[in-house]
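Working notes, structure below.
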Amino acid sequence: MYPVVEDILTRNGHDPTRLMMILREVQAVFGWVSPDTITQIAAAVNRPRAAVQSTVEFYTFFNAEPVGHYRVLFSDNITDRMLGSLALRDRLCAAFAVRPGEVSADGLVSVDRTSCTGLCDQGPAALVNTRAMPNLSPERIDAMAALIRDRRPVAEWPADWFDVHENIRRRDKLLGHGLTPGAPIKAALDRGPEGVLAELSRAALRGRGGAGFGTETKWRICRDAPGYAHYVVANADEGEPGTFKDRVLLASCPDLVFDGLVIAGLVTGARKGMVYLRGEYAFLYPRLTELLAQRRRAGLLGNNIMGVGFTFDIEVHLGAGAYICGEESALIESLEGKPGKPRIRPPYPVTQGFLGQPTAVNNVETLALAALITTHGGDWLKDRGTPTSVGTTMLSVSGDVERPGIYEYPYGVRIHEVLDAAGATDTQAVQIAVGAGKCLVDTEFERRIAMEDASTTGSFMVFDRTRDLFEVAANFVEFFAHESCGFCTACRVGTTVNKRLMDKIAAGQGSPQDIEEMQRMHRHMQGASHCGLGSTATMALRDILNKFRPAFERRLLSTDFEPAFDLDAELSEARDLTGRDDALAHLAPAHARR
Amino acid sequence: MEHFFVLDGEKIPFTPGQTIMDAATTAGKYIPHLCYKKGLSAHGSCRMCVVKINNRHFASCTTKAADGLIVRNRTHEMTEGRRTSLQLLFVEGNHFCPSCERSGDCTLQATAYEMGMLTPHYDHFFPDRRVDASHPDIVLELNRCIQCELCVRASREIDGKNVFALAGRGMASRLIVNSESGLLGDSDFEATDYAARVCPVGVFLKRTGNYGAPIGDRTFDERPISSQAATASGADHASDVAEDERRALGEVATELEAAR
């Protein structure tokens, strides 16, 4: 029994739905979650020990094995790689004579990779004992190594190393909103729930998380679904490689997001809202919780909001490194303290979500927009966008551009307009979605960002002509193999088969059959996967393969079938026995006396 | 009013609330499956039972039957997809059918025969999985595990115990035992648990009474799995009884052997 663990458990009310937070705190104390702490936690939250172990082992940022006192995880997104992240990782490894993924002999340090940290506009980035550190350089790695050698606590490292910038390059109606905190709630109370729904309907607001479901419809279904409690959740688990808009929204206008969540609560009848914040953004946690406390003091949260007897509160839950938790049912499993595996649907979360109760899960950007629409009315966004994609969208621009950052544009903006604004030159390709796979080439730069043309969840990774698109595809394939939850056969094994095929081609051992195998796997996973991750995991690969096939082909050992062994060499024993070595004793003239 | 849907051209009656799999199995129709077992909650993870309805794919064990659905099951396309899923399962683990004690009683093997799987097709992963021989009656041969969670659900839903769980993510996903040491022998598992009998592969191996029925005379050696739709998944007790009988016979044989 560890008294410190007991303290953590008590502070979290021995609540199994707070398991993620409990594990996070335990790990912050010990550096890992040991078997005996798992036993203690399981008993306290009244769950089977194996269930707690399942949760620990599911998430990247929980360690079921001891790791270094300093754990440095380099962001492994392709844009970080383009900025030299792997060389920096190797430099740090060399400083401690440790191999990637291993703990140094003295237990001091372990160095590894992690999936995209959402700092693509200021990479290469890393997480040091879960703290985000952008803008790494060889000099900083050397300085870091010195601090680690001196065993200086991370809290004492230079504060400016941890500065995360917002890099907002273009503001439109959302980022330039100018509202005071709580103003949207006032508007919502004036309009009433039906009035809010009417404005959302007039605005035709669609969820910005990717699926594009109507927000008004979602809230209405949630409100009307029977349950002893209703919940609303802000999905701030953007793990899509190349996106960081949620990070910027939560840093630059958190009140607007909270207002949106309160309005969602008012409309659906929920009394509790949760922000599911991805573990990579833990640096935002203190500020967000402080802001929530301020809002309680200001009467914008808690009992009797704005004096009208409306009760609603918000908690921030931290994730722990799992892309799949952006899928709403996996996110809810995670909120319940379980591994983030997508549920069987139907039932949908909107009728049976958190603890089996009606739950509306909305993207951060959607909630901010809902707050704005509630305030200004449904027609307010109509002067922006296209007929089917109303309003603006936030693009996370990274890669080969002079000015990476966030660009808020009206829907319908052309690809080349964004490229020009960001200072992209000699662009070869733009990846505007990894999960949905869209890789656009220069002949497509006239296309528009909109549901009806080039849809994106905000990722906008730019590759100039010096880049090798095979490397890009390989990075995405690795990402999905790492992030597959493992629940279903097709995705768990299929993503790994693809990774092995890519490794084979990269090693110069590939043949056209291997490319054909990946195409086949694409078709298989489309139909046989349990959730969207599996059915879209091969889309980026397929798109790049179709548009940049030479990048794959020039790596192949042969453009024809290549056997694993040399047929003619197999005849050498027969040649020795017969004492012949003339041309006819060889399999083909080409092989003679080679 | 009678409810029915169409499965490969045949009318299948159902009662509202039933899944396609439940209704098909009740009607004696075979939809290939590994992670499904009547009486346990549906899981939908193996994806063997994926069928096509209106050009979309659905797992029949988790999809509710509805009037007038046109369900395509034993088509060339579906069989090909299932063969691929089977191949993925075969290369992910270490499956040694010729030497496995469960050969002939193994649903994975029988389904592979049924789907015409002739080769593993993909390169084997050869994972390094430990064998748990800590329990006096049952050896856990984790090399065969296909992560269907039937034992997890059986332990929880029938035995009321929670002995098993899956832990880890993606390829690191694995079956774990609910004990501090992680060993079966240190858990409250008993050989009489239902969880010991539901495994569709050869993870749960009995220490005694094996080979009562020789390979060649076993459940799926006699008739292909598709002709045993009702027994293989529905009235699983039938095959359990058969297995228990065989075990009893094996024990009798062993006793006779000893008496001589």
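Only the coordinates and a few stated rules stand behind these numbers; no lab work does. The structure displayed is predicted, hence computed values, not measured ones. So basically every Cβ, Gly included, is an ideal-geometry build from the backbone, and we count neighbours across all protein chains shown.
A few remarks follow.
- For a label point 7 Å along the Cα-to-beta-carbon line of A:LEU557, residues of the range A:501-537 with backbone N under 13 Å: A:504-514
- Once Rg and the Kirkwood radius are both taken over the C-alpha atoms of the range B:46-185, their ratio Rg/Rh works out to 1.00.
- Chain B, dipole about Cα centre (Lys/Arg Cβ +1, Asp/Glu Cβ -1), debye to the nearest 20: 880
- Entries of A:LYS173/A:LYS245; A:LYS218/A:LYS272; B:LYS37/B:LYS64; A:LYS218/A:LYS245 with Cα pairs more than 19 Å apart: A:LYS218/A:LYS245
- Only helices enter this figure: runs of n ≥ 4 DSSP H residues, each worth -39500 (n - 2.57), summed and divided by the residues of chain A, yield -12500 deg cm²/dmol at 222 nm to the nearest 500.
- Ranking of B:VAL131, A:VAL434 by count of other Cβ atoms within 10 Å, fewest first: B:VAL131, A:VAL434
- Note on A:GLU471 and A:ASP150: the extension gain reaches 111.8 nm, defined as 0.36 nm multiplied by sequence separation minus the Cα-Cα distance.
- The lysines whose alpha-carbon is closer than 27 Å to the alpha-carbon of A:LYS504, local same-chain residues fewer than 8 away aside, are A:LYS438, A:LYS547.
- For chain B, the fraction of C-alpha pairs more than 33 angstrom apart is 21%.
- Length, then width, then depth: along the principal axes, the Cα atoms of the range A:457-586 run 70, 38, 20 Å.
- Hull volume per residue, based on the alpha-carbon atoms of the range B:76-133 and their convex hull, is 91 Å³.
- In the frame of its principal axes, the range A:1-83 has Cα extents of 46, 22, 21 Å, reported largest first.
- Mean-position separation - Cα centroids, the range A:523-557 and the range B:24-97, in angstrom: 24
- Taken along its principal axes, the alpha carbon cloud of the protein assembly as shown reaches lengths of 91, 76, 62 Å, longest axis first.
- Applying 1/(1 + (r/R0)^6) with r as the Cβ-Cβ distance of A:GLN513 and A:ALA43 and R0 = 51 angstrom yields a FRET efficiency of 0.45.
- Three-way shape label, the range A:102-149, alpha-carbon gyration tensor, a/c 1.5: oblate
- Across peptide B:87-93, the mean count of Cβ atoms from other chains lying within 10 Å of each residue's own Cβ comes to 4.
- Two-site label geometry, A:GLU452 and A:PHE30: point separation in nm, points 7 Å out along Cα→Cβ: 5.8
- Rounded if a/c under 1.5, otherwise prolate or oblate - the range A:215-254, Cα gyration tensor axes: prolate
- Calculated on the Cα set of the range A:423-518, radius of gyration then Dmax: 15.2, 43 Å.
- Anisotropy class of the range A:513-565 from Cα gyration tensor, a/c 1.5 cut: oblate
- Between the range A:1-45 and the range A:402-416, the alpha-carbon center distance in angstrom: 44
- Peptides A:86-93, A:327-334, A:239-246 ordered by average Cβ neighbours within 10 Å, highest first: A:239-246, A:327-334, A:86-93
- By the rule of a C-alpha distance below 19 Å, with chain neighbours fewer than 8 residues away ignored, the aspartates and glutamates paired with A:LYS382 are A:ASP172, A:GLU199, A:GLU216, A:GLU365, A:GLU408, A:GLU452, A:ASP453.
- Taking all pairs of distinct alpha-carbon atoms in the range A:183-222, Kirkwood radius in angstrom: 10.6
- Shielding score for A:44-57, defined as the mean number of other chain Cβ atoms within 10 Å: 5
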